[in-house]
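Working notes for the structure below.
Just so you know, all these numbers are worked out from the coordinates, no wet-lab data involved. A quick note: this is a predicted structure, and the numbers were derived from the prediction, not measured. All Cβ positions, even for glycine, are placed from backbone atoms using ideal geometry, and neighbour counts span all protein chains on display.
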Amino acid sequence: MKAFQSIGLMKAVRFVLFGVYAWFLHIALPPVRVWLLRLAGASIGRDSVLFDVQFVNVYHYGFSRLSIGNRCFLGDGVMVDVRGGVTLEDDVTISNRTNIVSHINVGFADHPLQEVYPTRESPVLFKRGAYVGTGAIILPGVTVGERSIVGAGAVVTRDVAKGTVVVGVPAKILKKLR
């Protein structure tokens, strides 16, 4: 009951409706999935492929904060938190089971940590030609630079410079590309 009271009737209705829409996205073939996302307000370029991607926190703003460029690929099990906004420029690859987080919320308004960690939305940006390995976690406000590589399982807490390979938890620079 507390959850319902904290978001209100309209967001609760949106939560249910977008939950049903997510089911259709889950069962749709990739070209149909792209069409359904465009229909719902996402911007998706040509020749992009989205396998079984899970979109969360859609009930806040819909898909209006999701922008995917041309020739992008998102693998199975990718989780995209669209609340704070997520942008993929052209030729971005996001491997299976990657989590893209665009907001932080520790709990209800009266949660004891709210004063230390208030709810925050911050867009995530993947510049042209970026590649993210399997199981990486990209946190709010991060920009992954052009032609950069995020290694499998990395936790990216800060921006990744252009042409850089990062690995580890938290992600650290492994090397610069030519």
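Observations
- Separation of alpha-carbon centers, region 20-41 and region 101-178, rounded to whole Å: 26 Å
- Listed by Cβ neighbour count within 10 Å, with the fewest neighbours leading, Leu37, Leu74, Leu88 appear as Leu37, Leu74, Leu88.
- Each Lys and Arg adds +1 at its Cβ and each Asp and Glu adds -1 at its Cβ; summed about the Cα centre, the chain shows a dipole of about 380 debye.
- Lysine-lysine proximity count for the chain, Cα under 19 Å, sequence distance 8 or more or distinct chains: 8
- Residues whose amide H comes within less than 5 Å of that of Gly141, counting only those at least five positions distant or on another chain, are Ser122, Val124 (H built at 1.01 Å from N in the peptide plane).
- Gain on full stretching of the segment that runs from Val13 to Met79 - 0.36 nm per residue minus C-alpha separation: 21.5 nm
- Taking all Cα pairs closer than 8 Å and separated by 6 or more residues, the relative contact order of the chain comes to 13 percent.
- Over the C-alpha atoms of the chain, the Rg to Rh ratio, Rh being the Kirkwood estimate, stands at 0.99.
- Pair-distance distribution of region 1-101: all C-alpha pairs, bin width 10 Å, starting at 0; shares per bin in whole percent are 16, 51, 25, 8, 0.
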